[in-house]
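K.L.:
This structure is in structure tokens; I'll ask about it shortly.
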Amino acid sequence: LLYITSLLGGSVGALLLSPDAITGGASGAVFGLMAAAVIGLRHDRINPMRTGIGTTFVLNMVITLVIPGISVGGHFGGAITGAICSLFLLNPSRKTISRLFEVVGPMAIGVGLIYLAVSFVNA
């Protein structure tokens with residue numbers, strides 16, 4: 001669920017920042033997974049920069065900004081979406097309503113992203 005929603009976020013980010021560019025790949029989803037891992041580490045009070053994932057995430061964000069031809073919108077869109085979705089998934093309580101919220105929250109974000117992309121294309 002996190003992967004697919006981050007993939008959608010990366011696609012919408014690429015569409016919004018570079019509507020005429022041809023892009024492909026799953027890097028937005030990978031950036032979403034990395035951002036979610038960073039948020040998860042922070043949630044557990046672990047400094048992500050002391051782990052490989054924090055350093056890898058920052059290094060990849062810098063590479064995205066420095067090297068031309070890389071989809072900034074795709075990477076940042078995926079990362080932002082992954083970070084937001086991780087907030088839904090990090091709920092520590094296991095009540096039925098919170099479990100439902102963990103699934104419905106990211107799905108609602110995905111539906112919103114699809115609506116945003118369709119609205120942008122049809123504008």
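K.L.:
From the list Ile80, Ile22, which one is without any contact (Cβ under 8 Å) to a residue 12 or more places away in the chain, under 30 Å from Val121 (Cα atoms) and either of a type outside the set (Phe, Trp, Tyr) or touching a His at 6+ places or on another chain (Cβ under 7 Å) (or both)?
P.N.:
Ile22
K.L.:
Also, quick follow-up: Which residue is nearest to Ser6 (Cα to Cα), if the candidates are limited to region 26-59 and must be out of contact with any Gly (no Cβ under 9 Å at 6 or more places or on another chain) and of a type in the set (Ser, Thr, Tyr)?
P.N.:
In this case the residue turns out to be Thr56.
Just so you know, all these numbers are worked out from the coordinates, no wet-lab data involved. What you see is a predicted model, and the numbers here were worked out from it, not measured in a lab. A quick note on method: Cβ atoms are made from the backbone with ideal geometry, for glycine too, and the neighbour counts reach across all protein chains shown.
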